[in-house]
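*Asks:* Questions regarding the structure given below will be posed in turn.
The values are calculated or read from the model by the stated rules, or taken from the named source; none is laboratory data. The structure displayed is predicted, hence computed values, not measured ones. Note that each Cβ is placed from the backbone with ideal geometry, even for glycine, and that neighbours are counted across all protein chains shown. To get the accessible areas, we keep the full protein, side chains included, count just its heavy atoms, and leave off ligands, DNA and RNA. Shrake-Rupley method; radii C 1.70, N 1.55, O 1.52, S 1.80 Å.
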Amino acid sequence: MSELTLSIIKPDAVAKGVIGEIVATFEKNGLKIAAMKMVHLSRREARGFYAVHRERPFFDSLTDFMSSGPAVVMVLSGAGAIGKNRELMGATNPAEAAAGTLRQRFATDIEKNAVHGSDAPETARTEIAYFFPELDIVNR
Ligand code: CMP
């Protein structure tokens with residue numbers, strides 16, 4: 001059965017000009033793009049998206065970064081899409097990310113880490129709904 005997950009190509013990766021390489025990695029690994037758009041988040045929108053992290057010491061810096069430039073938000077679909085996406089991204093800290101993963105290839109540091117992916121089905125539902133109305137998600 002097909003699963004949906006939210007992916008974000010963060011402002012650092014967009015600035016590096018690697019949108020295409022990241023999307024190609026998803027497509028080559030069996031994930032389909034079910035929705036996609038370019039956004040430039042306001043600070044408020046970034047803080048809303050990362051609200052679960054609001055008590056963390058890095059919250060202000062993270063949300064300033066996420067609102068610093070354009071990002072690409074996508075819904076990925078496929079069997080085991082949540083886990084598959086996390087596998088392709090690699091560890092949050094690029095210094096610990098396995099060779100060939102997106103974060104090892106494109107991240108700058110633990111904050112500017114190129115991509116975001118939902119970590120569980122419930123989070124995926126909430127995160128997808130934050131950016132995409134149901135009707136904008138292609139069902140295939
Ligand atoms: P992401 O997968 O989008 O989920 C939360 C984000 O917070 C994470 O990627 C990083 O961008 C950021 N983050 C996590 N841990 C730290 C940290 N220790 N210092 C700074 N940023 C962090």
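*Asks:* Based on what the data block shows, is residue 38 open to solvent by 70 Å² or more (accessible area, probe 1.4 Å) and over 20 Å from residue 125 (Cβ atoms)? Please lay out each step first, then the result.
*Replies:* Values: open to solvent by 70 Å² or more (accessible area, probe 1.4 Å): yes; over 20 Å from residue 125 (Cβ atoms): yes.
Yes, satisfied.
*Asks:* Suppose the filter is under 14 Å from the mean Cα position of the chain (by Cα) and assigned to a strand (DSSP E or B); does residue 33 pass it? Talk me through it step by step, then tell me what you get.
*Replies:* Numbers: under 14 Å from the mean Cα position of the chain (by Cα): yes; assigned to a strand (DSSP E or B): yes.
It is true that residue 33 is under 14 Å from the mean Cα position of the chain (by Cα) and assigned to a strand (DSSP E or B).
*Asks:* Okay, moving on. Take the residues of region 63-84 that are farther than 12 Å from residue 4 by Cβ and either of a type in the set (S, T, N, Q) or at pLDDT below 95 (or both): which is most open to solvent (accessible area, probe 1.4 Å)?
*Replies:* Top of the filtered list is 68.
*Asks:* Right, next: I'm checking my understanding of the structure. Among residues of region 105-126 that are more than 8 Å from the ligand (Cβ to nearest atom), farther than 18 Å from residue 20 by Cα and under 11 Å from the mean Cα position of the chain (by Cα), which one is surrounded by the fewest Cβ atoms within 10 Å (Cβ to Cβ)?
*Replies:* Filtering first and then ranking leaves 124.
*Asks:* Return the pair list, or none, for Cβ contacts closer than 9 Å from residues in region 106-134 that are within 14 Å of residue 77 (Cα to Cα) to residues that are open to solvent by 20 Å² or more (accessible area, probe 1.4 Å) and assigned to a loop (DSSP other than H, G, I, E, B), at least 6 apart or on different chains.
*Replies:* Correct list of pairs: 128/137.
*Asks:* A follow-up question, please. Go through region 127-136 and count every residue that is away from the ligand (no atom under 15 Å from the Cβ) and crowded, with 16+ Cβ neighbours inside 10 Å.
*Replies:* Our first condition is that a residue be away from the ligand (no atom under 15 Å from the Cβ); within region 127-136, this holds for 129, 132-136.
Going one step further and asking which of them are crowded, with 16+ Cβ neighbours inside 10 Å, we end up with 132.
Qualifying residue count, region 127-136: 1.
*Asks:* Taking residue 58, is it touching a residue at least 40 places away in the same chain (Cβ under 8 Å) and open to solvent by 60 Å² or more (accessible area, probe 1.4 Å)?
*Replies:* Details: touching a residue at least 40 places away in the same chain (Cβ under 8 Å): yes; open to solvent by 60 Å² or more (accessible area, probe 1.4 Å): yes.
In short, yes.
*Asks:* Return the residue satisfying two criteria in turn: it lies in region 85-100 and is over 12 Å from residue 25 (Cα atoms) and away from the ligand (no atom under 12 Å from the Cβ), and of such residues it is least open to solvent (accessible area, probe 1.4 Å). So that I can check it myself, show each step before the final result.
*Replies:* Narrowing region 85-100 to residues over 12 Å from residue 25 (Cα atoms): 86, 90-99.
In the following step, the residues that additionally are away from the ligand (no atom under 12 Å from the Cβ) were identified as 98-99.
On the way: 98: 60, 99: 97 Å².
So, considering only residues that are over 12 Å from residue 25 (Cα atoms) and away from the ligand (no atom under 12 Å from the Cβ), the one least open to solvent (accessible area, probe 1.4 Å) is 98.
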